[in-house]
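In what follows, a structure is listed as structure tokens, so that the remarks can point back to it.
The values are calculated or read from the model by the stated rules, or taken from the named source; none is laboratory data. As the structure is a prediction and not an experimental result, all values here were calculated from the model. Note: ideal-geometry Cβ built from the backbone for every residue, glycine included; neighbour counts use all protein chains shown.
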Amino acid sequence: MQKVQEELSYLPEEAVSEIARFLGLSKSEIFGVATFYAQFRFTRSGEYTVKVCLGTSCYVRAGARIMETVQRKLGIKPGETTEDYKFSLERVACFGCCALSPVMVVDKTVYSRMTPIKAKQVLSSYH
Ligand code: FES
């Protein structure tokens, strides 16, 4: 399942069916295992994954405003992907770098001490 997700960036239903057939298990058994682990996605994700931290340190330093700005700019909510499959948005409880809060991460790039204006600039740089 990890290999399939690595290739496709998510586990489409057809892939789950194929995995089940290959292992001689039912689709629901495969879904049961896959849904147990947070790492598996069942919808196609965007080219870039934007993660906004809403942990305590980020939250008290305007993390919620950063999230609102990102949602407005992309037109999606956490857990969703833009129609053009460019961006997916996720909320994170803490990246473990609270001294840099508020924090936003795009794929593996960490953006620290974010402001709503900086968040818009970062997103624009990915277009
Ligand atoms: S609370 Fe945001 S990085 Fe820790």
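Screening residue 11 against (1) crowded, with 17+ Cβ neighbours inside 10 Å; (2) assigned by TED's automatic domain parsing to the domain that holds residue 103 leaves a single unmet condition, (2).
Conditions tested, residue by residue: (1) closer than 27 Å to residue 7 by Cβ; (2) within 14 Å of the chain's Cα centre (by Cα).
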site	(1), (2)
60	no, no
63	no, no
67	no, yes
70	no, yes
106	yes, yes
114	no, no
122	no, no
125	no, no
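Within region 77-127, the set of residues being within 16 Å of the ligand (Cβ to nearest atom), farther than 12 Å from residue 51 by Cβ, basic (Lys, Arg) and surrounded by 14 or more Cβ atoms within 10 Å (Cβ to Cβ) comprises 118 only.
Applying the selection to region 101-127, what residues are polar (S, T, N, Q) and touching a residue at least 40 places away in the same chain (Cβ under 8 Å)? Can you show your working first?
The first filter runs over region 101-127 and keeps only residues polar (S, T, N, Q), leaving 101, 109, 112, 115, 121, 124-125.
Across region 101-127, the qualifying residues are 101, 115.
Tally the residues that are away from the ligand (no atom under 11 Å from the Cβ), out of contact with any Lys or Arg (no Cβ under 9 Å at 6 or more places or on another chain) and in contact (Cβ under 8 Å) with a residue 12 or more places away in the chain, restricting the search to region 42-67. Even if it seems obvious, please write down each step before you answer.
Start the filter on region 42-67 by keeping residues that are away from the ligand (no atom under 11 Å from the Cβ), which leaves 42-50, 62, 64-65, 67.
Going one step further and asking which of them are out of contact with any Lys or Arg (no Cβ under 9 Å at 6 or more places or on another chain), we end up with 42-45, 49-50, 62, 64-65.
Of the ones still in play, those that are also in contact (Cβ under 8 Å) with a residue 12 or more places away in the chain are 42-45, 49-50, 62, 65.
Selection size over region 42-67: 8.
Taking the criterion of being among the aromatic types (Phe, Trp, Tyr), out of contact with any Ser or Thr (no Cβ under 8 Å at 6 or more places or on another chain) and touching a residue at least 24 places away in the same chain (Cβ under 8 Å), would at least one residue in region 26-41 satisfy it? Looking for residues that are among the aromatic types (Phe, Trp, Tyr), out of contact with any Ser or Thr (no Cβ under 8 Å at 6 or more places or on another chain) and touching a residue at least 24 places away in the same chain (Cβ under 8 Å), one finds at least one in region 26-41, hence yes.
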